[in-house]
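The values are calculated or read from the model by the stated rules, or taken from the named source; none is laboratory data. These numbers were taken from a predicted model, which means no experiment stands behind them. Here the Cβ positions follow ideal geometry from the backbone for every residue, glycine too, while neighbour counts run over all protein chains shown. Accessible surface is based on the protein model in full, side chains and every heavy atom, while ligands, DNA and RNA are left aside. Shrake-Rupley method; radii C 1.70, N 1.55, O 1.52, S 1.80 Å.
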Amino acid sequence: MSGTLMYINNSAVDAAGKPDPFFLQELPWLKQRFDRIVVICQEGVRTLTGEEEKTYPLIRPLGGRVLSWIRLPFTRELWRELRHLQRDGVLTPRNVVKVAAFARRGLKMHFWAERMMRALSEASTTLYAMWMSFDGYAAALCKRRHPGMRFVVRGHAYDIDTERVSLNPYFMKQFIADQADGLYLISETAKKQYLSYMQGKVDESRLHVLAMGSGGEPVETYREAPLYTQGVLRVVSCAQVIPIKQVELMVEALGKWEGGPLCWTHIGGGEGLEELRRLADRTLGPKENVICELLGQMSASRIQKLYDERAFDVIVNTSRKEGVPISIMEAMRHGTPVIAPAVGGIPDLVTPQVGWLYDPAEGAQGVLNALQKLSSFTQEQAESMRRQVREYWNEHCCSYSLLPRLFPEPFRHHVRR
């Protein structure tokens, strides 16, 4: 596919020029498919030259910032959403400020995008919004002005779920749906949440489910299950130590572990890390059959290096709410089976062929029961599941396998009246 990609992602690059891991994950594939990539984010804009190294310095056109404030009071979508709030009885000063701030951020990114589009052809330009948020709004504004461009937008959890963000239905969702050629939601759960307030307001033929996927090439080197090569059940978990992730359930579950030697490795920092260390010392310290290592915060590259160097028998997720966790996919790439709660988009990812789902109401006991099932496997059963996990990742989780669905080739641009 030739032409230009307008990559609109509010968090693509930070103020210091450091690119977002999700952006870097997709970038190699996108560079192969498009002649030019223009990045629009909250911190500024830039056209990629192919010579970037570790940082991506941005330019910050003053015009977009000024125009966004000037145009805000005259923005029709803002007034439509304020009427929407009024109809639903939630037109409070706080909500007005939040929706207006959302609109202004979208307008700023839109004006920056328009500045970068001046010499572009509509027919050969694709608008790609990473979030169904103000970046999706900015792209929708561009699509309305340039109807010959193709516009696709992703929807995740934070930008869809009303439990996480109660104002999601009022953040230009109707306008984005009206303009988009394709809306790609991260899971069936996200689609259900979206349709809870958009049913009958969106052309569902343009609504698709497509996981975010994880980066990297398929792993060719086969890693055997450590339980049978080392005699130790090696368990890994990867999450921030914050309340919604419930990492303490791992300590509770392993405190009841009565099987053979087990080593639990946790990746992730956060506000609760030190308390988790103390809890692990009290609960697991006296146990002779459990070893615990809390590695703290690690970069994406260090996590991948860890998985490259060390094999694990299983990855465990204990979250109360999730989208479709990239952390699970990163481990699956190496053939690691999964234990996870049946919440959010996890059931879309974890099938009986690749792991075990437990009822979140079971908590630590659900984790323990699944670990016991895994430890009862014969080596042949364990190795068979590990092969199935790798095959599943290659087909359903690899970004390079998923992105062609987001950018089908050829695509015939069309103008909807």
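For the reader, a short list of remarks on this structure follows.
- Residue match in segment 322-338 (condition: touching a Leu at 6+ places or on another chain (Cβ under 6 Å) and over 21 Å from VAL232 (Cβ atoms)): yes
- Residue satisfying condition, being closer than 25 Å to PHE23 by Cα, touching a Leu at 6+ places or on another chain (Cβ under 8 Å), of a type outside the set (Asp, Glu) and buried (at least 17 other Cβ atoms within 10 Å of the Cβ), within set LEU67, LEU141: LEU141
- Here GLY89 clears all of (1) assigned to a loop (DSSP other than H, G, I, E, B); (2) touching a residue at least 60 places away in the same chain (Cβ under 8 Å) except the condition numbered (2).
- If you filter segment 192-236 down to residues that are open to solvent by less than 60 Å² (accessible area, probe 1.4 Å), at pLDDT below 90 and under 19 Å from GLN25 (Cα atoms), you find that the one that is farthest from the chain's Cα centre (by Cα) is VAL219.
- GLU383 closer than 16 Å to LEU210 by Cβ, in a helix (DSSP H, G or I) and open to solvent by 10 Å² or more (accessible area, probe 1.4 Å): no
- Residue within segment 125-135 that is part of a helix (DSSP H, G or I), modelled with pLDDT of 90 or more and at negative phi present: yes
- Residues located in segment 315-343, provided they are outside any helix (DSSP H, G or I), β-branched (Val, Ile, Thr) and touching a Phe, Trp or Tyr at 6+ places or on another chain (Cβ under 9 Å): VAL316, THR336, VAL338, ILE339
- When LEU402, LEU406 are checked against the criterion of being touching a Phe, Trp or Tyr at 6+ places or on another chain (Cβ under 7 Å) and either without any contact (Cβ under 8 Å) to a residue 12 or more places away in the chain or within 22 Å of SER187 (Cβ to Cβ) (or both), a single residue qualifies: LEU406.
- Where ALA119 falls short, out of the listed (1) over 28 Å from the mean Cα position of the chain (by Cα); (2) in contact (Cβ under 8 Å) with a residue 40 or more places away in the chain; (3) more than 20 Å from TYR194 (Cα to Cα): (2)
- Condition met for THR189 (open to solvent by less than 60 Å² (accessible area, probe 1.4 Å) and under 20 Å from VAL316 (Cα atoms)): no
- Selection status of ILE8, free of Cβ contacts under 8 Å to residues at least 40 places away in the same chain and open to solvent by less than 10 Å² (accessible area, probe 1.4 Å): no
- Checking each residue in segment 344-380 for being within 19 Å of LEU262 (Cα to Cα), part of a helix (DSSP H, G or I) and open to solvent by 50 Å² or more (accessible area, probe 1.4 Å) picks out GLN365, ASN369, GLN372, LYS373, GLN379.
- Residue in segment 26-43 that is most open to solvent (accessible area, probe 1.4 Å), counting only those that are farther than 26 Å from PHE102 by Cβ and part of a helix (DSSP H, G or I): GLN32
- Matching residues in segment 1-25 - criterion: being more than 22 Å from TYR137 (Cβ to Cβ) and either of a type in the set (Ser, Thr, Tyr) or not in a strand (DSSP E or B) (or both): MET1, SER2, GLY3, ALA16, GLY17, LYS18, PRO21, LEU24, GLN25
- Selection status of ARG104, under 26 Å from the mean Cα position of the chain (by Cα), part of a helix (DSSP H, G or I) and either over 30 Å from LEU48 (Cα atoms) or free of Cβ contacts under 8 Å to residues at least 60 places away in the same chain (or both): yes
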